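Before we start, here is the structure in question, set down as C-alpha cells.
Rule-based calculations on the coordinates, nothing more; no lab input. If you're wondering where the values come from, they're calculated on a predicted model, not measured in any experiment. Positions of Cβ are generated from backbone atoms using ideal geometry, with glycine treated the same way; all protein chains shown enter the neighbour counts.
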C-alpha cells in the first residue's frame, strides 16, 4: 500500500497527520520509476557518496564529529595518524604511525577522548557511538590499549 498524500478535494486531505511523501514511498519501488523516467522522484537520484569527496585509498579508518561547536576527528593511515582537536596547537596534528608508543580511551558520558602517545600526547574527543569501532581500529593497528609510558 502506497502512502500518498490525499488529493486536495478528497475528504482525507484535511487530516494533519498525512505522511510527507514529497519524495515518494520508500516501500514502493514504482514510486522511484526507472532511470530517465520523467516521473522519477528526487529521492531516487540521491546517492550519499555524492556529498563527500572521494576517500583517500590509503585511509584505513576515519571518524569525525562536531559537538557543541568543538570539532574532533581521527584518521588512521598505514603510515600516519591525523588528529583534529581544539587541544592541538594548530587544530590538527599529523604524526608517523611508527612513533605511536601507547594509546588509550578516557571515558565520558556523551563523549570519550582518544589519547595517543607519540612524539607528544595527542588528544581528541568524539561521541561515545564511535568508541567501539575506533578501539577496534586502533587495536588492530597498534595492539591493545595501554597506559602511558612511565605511568
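How high is the FRET efficiency between residue 79 and residue 105 when r is their beta carbon distance and R₀ equals 30 Å, given to the nearest 0.05?
0.85
From the Cα gyration tensor of the range 54-142, with a ≥ b ≥ c the square roots of its eigenvalues, which class applies: rounded if a/c is under 1.5, or else prolate if a/b is larger than b/c, or else oblate?
rounded
While we're on this one: Hey, what's the Kirkwood Rh for the range 91-151 if you take every pair of different alpha carbons, in angstrom?
12.0
For the residues 71, 122, what sequence is obtained by ranking on other C-beta atoms within 10 Å, fewest first?
With the sparsest Cβ surroundings first, the list reads 71, 122.
Set the Förster radius R0 to 25 Å, insert the Cβ-Cβ distance between residue 66 and residue 136 as r into 1/(1 + (r/R0)^6), and round the FRET efficiency to 0.05. Walk me through the intermediate numbers first.
Values: r = 23 Å, r/R0 = 0.92.
Efficiency for this residue pair is about 0.65.
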